[in-house]
């Protein structure tokens, strides 16, 4: 037995914020809202190709009113392996979405980090050499990424 890939992430979102969070994943990351089983609670399934990789669950938590937050533990971030670094930067800038970038030391990995409207950190991971080759650039310093 071996793990093959990450199947999906589930994010608890206040029900009134579901549409805003779903729109972020569609507009900023290019996922599409798709089919979802008829659960008895609100939510969205967001697809990458034919796979629902982000599940949003409407959760009406409000600790001051005695409705506790979901008890699923800490959640740090979602990471998507990505291509098209320059285009993604343009897309995020065009939407006015703030982002930060980093290069993993001693690695071919370059990252973009954004936060969705629910506060979840989203990492987009790019292979620097593949991005340079795809852009037709010759040996360009990594800082050009």
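The values are calculated or read from the model by the stated rules, or taken from the named source; none is laboratory data. As the structure is a computational prediction, the values presented were derived from the model and not from experiment. A quick note on method: Cβ atoms are made from the backbone with ideal geometry, for glycine too, and the neighbour counts reach across all protein chains shown.
Which pairs turn up if I take residues in region 8-25 that are in contact (Cβ under 8 Å) with a residue 40 or more places away in the chain and look for partners that are assigned to a helix (DSSP H, G or I) and surrounded by 18 or more Cβ atoms within 10 Å (Cβ to Cβ) with beta carbon separation below 8 Å, at least 6 apart in sequence or on another chain?
If the second residue must be assigned to a helix (DSSP H, G or I) and surrounded by 18 or more Cβ atoms within 10 Å (Cβ to Cβ), the pairs left are 11/21; 13/21.
I'm told residue 59 meets every condition in (1) surrounded by 13 or more Cβ atoms within 10 Å (Cβ to Cβ); (2) within 14 Å of the chain's Cα centre (by Cα); (3) modelled with pLDDT under 90 except one. Can you identify the failing condition by its number?
Of everything listed in (1) surrounded by 13 or more Cβ atoms within 10 Å (Cβ to Cβ); (2) within 14 Å of the chain's Cα centre (by Cα); (3) modelled with pLDDT under 90, residue 59 misses just condition (2).
Results for (1) more than 16 Å from residue 29 (Cβ to Cβ); (2) at pLDDT 90 or above, shown as yes or no for each residue.
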position	(1), (2)
55	no, yes
67	yes, no
73	yes, no
77	no, no
115	no, yes
120	no, no
